[in-house]
1. Rounded to the nearest 20 Debye, what is the dipole magnitude of segment 132-208 about its Cα centre when Lys and Arg each give +1 and Asp and Glu each give -1 at the C-beta?
2. Which entries of Lys72/Lys119; Lys51/Lys122; Lys30/Lys98; Lys55/Lys122 have Cα-Cα distances beyond 32 Å here?
3. Can you work out the Karplus-derived ³J(HN,Hα) for every residue in segment 211-217? Use 6.51 cos²θ - 1.76 cosθ + 1.60 with θ = phi - 60°, whole Hz, and x for glycine or proline.
4. Pick out, from Gly150, Leu112, Gly180, the residue whose Cα sits farthest towards the positive end of the charge dipole of segment 109-214, with +1 on the Cβ of Lys and Arg and -1 on the Cβ of Asp and Glu.
5. Using the Karplus curve 6.51 cos²θ - 1.76 cosθ + 1.60 with θ = phi - 60°, work out ³J(HN,Hα) for each residue of segment 103-109 in order, rounded to whole Hz, and write x for Gly and Pro.
6. Let me know the shape class of segment 1-137, please: from the alpha-carbon gyration tensor, a ≥ b ≥ c as square roots of the eigenvalues, rounded when a/c is under 1.5, otherwise prolate if a/b is greater than b/c, or oblate.
7. Go ahead and set up a Gaussian network model of the chain, Cα springs under 10 Å, then flag whichever of Lys214, Lys98, Lys29 fluctuates most.
8. Given the options Ser127, Thr68, Met82, identify the residue whose Cα lies farthest towards the positive end of the charge dipole of the chain (+1 on Cβ of Lys, Arg; -1 on Cβ of Asp, Glu).
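The values are calculated or read from the model by the stated rules, or taken from the named source; none is laboratory data. If you're wondering where the values come from, they're calculated on a predicted model, not measured in any experiment. Cβ atoms come from the backbone with ideal geometry, glycine included; neighbour counts cover every protein chain shown. Ligands, DNA and RNA are excluded from the accessible area calculation, which covers all protein heavy atoms including side chains. Shrake-Rupley method; radii C 1.70, N 1.55, O 1.52, S 1.80 Å.
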Amino acid sequence: MKTLRDEIDMEKLPVHIAIIMDGNGRWAKKRFLPRKFGHKAGADTLENITKAADKLGVKHLTVYAFSTENWKRTEEEVKGIMDLLRSYLDRYIAKADKENIKIDIIGEKSRLDADIQEKIKKIEILSADKPGLNLHIALNYGGRDDILRGIQKIAKKVEAGELKADDITEEMISESLDTGFYPDPELVIRTSGEERISNFLLWQIAYSEFVFNKKLWPDYTEEDLYEDICYYQNRDRRFGGR
C-alpha cells in the first residue's frame, strides 16, 4: 500500500527544515492539565520528528524551543521548561553512543543556568562527529537578537581596522549569525494554526516556503511531516524571479 512517504520526491527533499513548535499549552489546556504536561508531550514529539527527519535523509532541522520573549512567562512555567530541557539533555547524553544525530544549540546561552550550559557543551562535544541529521535547537533565541549580535561582531572588526564598512556583504552578515555554519531553511513549518514568524530566523527565512499546520505540536506526527514536505515540493520556488 502506497504511503505519504512514498510520495516524497527524494530529489527535491529540503536540506533544511525549520519548525516553530507551537501549541503545547493549548494541548494541555484541552485536557485540563497543567502546561508542563503539554511541554513534556511536545518534547516527546520532538524526539519522534527528529528520528523521522533523520530516517528520511534531511540534513538540518532547526526547532524553536525557547525564545528571548519566553522569559516573560510565569516563573513556574519557565522553570518547568528548563527542567524539561535538563532531562532532555541528560537523556541524550546517556545514550549518545547509540545515536546518529548531531546536536547544537543556537541563541544567547549566557542567560541559561550554569549546569544547563555545561550540559550543552557536553552534548555538543559528544555528538560532534555524528553522521546523521544536524539538530539545531533554538534556545533563548530571537531573530532580532541574532542579527544584533552578528552586526556587533562585524562592527568590532571595523573598529579594529580589520574591515571597511564598504566591504560588508550579505554573505558576511549570514556568516556572523548563529546559523552561519549551515544553509538557510527551504521549509518553515509552524504548528497550531497560528500564522506568525514570532521573531524566528528573521534573516534566514527570506526565501523559505511556509506551511502553517493546524495541529497542536504534541499531536504532530511523522505522517504530518511527510504531508508538509509533499506540500512544499508542489510549490514553485522563484526566489523573486518569474
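1. That gives a dipole near 260 debye.
2. Beyond 32 Å: Lys30/Lys98.
3. Values, residue by residue: 10, 9, 8, 6, 5, 6, 3 Hz.
4. After comparing all options, I get Leu112.
5. Per residue, the Karplus-derived 3J(HN,Hα) values read 10, 9, 10, 10, x, 8, 7 Hz.
6. oblate
7. Lys98
8. Met82
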